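Participant: Have a look at the structure that comes next, please.
The values are calculated or read from the model by the stated rules, or taken from the named source; none is laboratory data. What you are looking at is a predicted structure, and each value in this text was computed from that prediction instead of being measured. All Cβ positions, even for glycine, are placed from backbone atoms using ideal geometry, and neighbour counts span all protein chains on display.
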Amino acid sequence: MPKVSAKRQITLPIEQCKEAHIEPGDEIETYLFNGQITVVRKEKGAAKGILKSIKPNKRMSDEQSLQSYIDTNEAGAA
């Protein structure tokens, strides 16, 4: 089982990296929700065109924007 180092570094298991197509040198994004961390490999151009209709709110951080979206969708699902 991987452990967190003194520098807060984590080694991901090879099997999980293979399944997620994560290779040494790849850039990743991490997201925190309800105490769980999700690791996602960044893929250049993955969102090209998908987000063009969304207008950014520059008064909000990316994390605040994501949380706002999650809160809105959870309220709609209830």
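Participant: Got at least one residue in the range 17-26 being at pLDDT 90 or above, in contact with a Leu (Cβ under 8 Å, 6 or more places away or on another chain) and assigned to a loop (DSSP other than H, G, I, E, B)?
Facilitator: Looking for residues that are at pLDDT 90 or above, in contact with a Leu (Cβ under 8 Å, 6 or more places away or on another chain) and assigned to a loop (DSSP other than H, G, I, E, B), one finds at least one in the range 17-26, hence yes.
Participant: Okay, next question. Surrounded by 10 or more Cβ atoms within 10 Å (Cβ to Cβ) and small (Gly, Ala, Ser): does that describe Ser61?
Facilitator: yes
Participant: Here's a follow-up. May I ask you to list the residues in the range 39-58 that are loosely packed, with under 10 Cβ neighbours inside 10 Å and either among the polar types (S, T, N, Q) or in contact with a Cys (Cβ under 7 Å, 6 or more places away or on another chain) (or both)?
Facilitator: Passing the criteria: only Ser53.
Participant: Quick one: Leu12 ticks every box in (1) surrounded by 10 or more Cβ atoms within 10 Å (Cβ to Cβ); (2) of a type in the set (A, V, I, L, M, F, W, C); (3) at pLDDT below 90 except a single one, so which number is it?
Facilitator: (3)
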